[in-house]
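What follows is calculated from the coordinates using simple rules that are stated; it is not laboratory data. What you are looking at is a predicted structure, and each value in this text was computed from that prediction instead of being measured. No Cβ is skipped: glycine too gets one built from the backbone with ideal geometry, and neighbour counts run over all protein chains shown.
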Amino acid sequence: MDADDVMTWVREYERAWREQDVAAVERLFTEDALYLRGAYDDGLRGRAAIEDFWLDPTPFTMTAEPVAVDPPTAVLRVEVHYLGDEPHEFRDLWVVRFAPDGRAEHFEEWAHWPGLEYTGPGAD
């Protein structure tokens, strides 16, 4: 997987998410893929769990660019703006490890948003 292959995968991910194309999950993720939605998330294990999570009708815009590609792993900077009744945005880092067939076997999202606290409770 080079940077072009990674961005092709990202474009398909965005298209499938935007169109709520659950069938595309099979083309994007391996059968036993692990999908982590945050740093402390237990994760969704397996394509069926990812498919159950996939549907979200909220309109959005998304931009993505690779930060590093060292096959089989890629790190991407992603920005998502949800445009629904309660607009919000995220700036993420995605860490994606690809199987030899080009599908993701490990997807890890590190999301940040406006107002996110940078210190722990009780910090000065």
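Some observations on this one:
- Residues that are among the hydrophobic types (A, V, I, L, M, F, W, C) and within 19 Å of residue 94 (Cβ to Cβ) within segment 46-61 comprise 49, 50, 53, 54, 60, listed in sequence order.
- Segment 28-47 residues that are without any contact (Cβ under 8 Å) to a residue 60 or more places away in the chain, paired with ones that are surrounded by fewer than 14 Cβ atoms within 10 Å (Cβ to Cβ) (beta carbon under 6 Å, 6 or more apart): 44/53; 46/32; 47/31
- Restricting attention to segment 67-100 and to residues that are acidic (Asp, Glu) and within 21 Å of residue 36 (Cβ to Cβ), the residue that is surrounded by the fewest Cβ atoms within 10 Å (Cβ to Cβ) turns out to be 70.
- If you check 33, 64, 39 for being within 17 Å of residue 95 (Cβ to Cβ), loosely packed, with under 12 Cβ neighbours inside 10 Å, of a type outside the set (S, T, N, Q) and within 14 Å of the chain's Cα centre (by Cα), only one passes: 39.
- Meets criteria (within 18 Å of residue 111 (Cα to Cα) and in contact with an Asp or Glu (Cβ under 9 Å, 6 or more places away or on another chain)) for residue 34: yes
- Filter pass, residue 19 being surrounded by 12 or more Cβ atoms within 10 Å (Cβ to Cβ), more than 12 Å from residue 96 (Cβ to Cβ) and more than 12 Å from the chain's Cα centre (by Cα): no
- Cβ-Cβ contacts under 8 Å between residues 6 or more apart (or on different chains), taken from a first residue in segment 1-13 that is closer than 16 Å to residue 26 by Cβ to a second residue that is among the hydrophobic types (A, V, I, L, M, F, W, C), are listed as 9/1; 9/28; 9/96; 9/98; 9/104; 12/24; 12/28; 13/28.
- Of all the criteria given as (1) among the acidic types (Asp, Glu); (2) surrounded by 12 or more Cβ atoms within 10 Å (Cβ to Cβ); (3) out of contact with any strand residue (DSSP E or B) (no Cβ under 8 Å at 6 or more places or on another chain); (4) under 20 Å from residue 95 (Cβ atoms), the one not satisfied by residue 14 is (3).
- Options 27, 47: the member that is on the phi < 0 side of the Ramachandran plot, of a type outside the set (Phe, Trp, Tyr) and in contact with a strand residue (DSSP E or B) (Cβ under 6 Å, 6 or more places away or on another chain): 47
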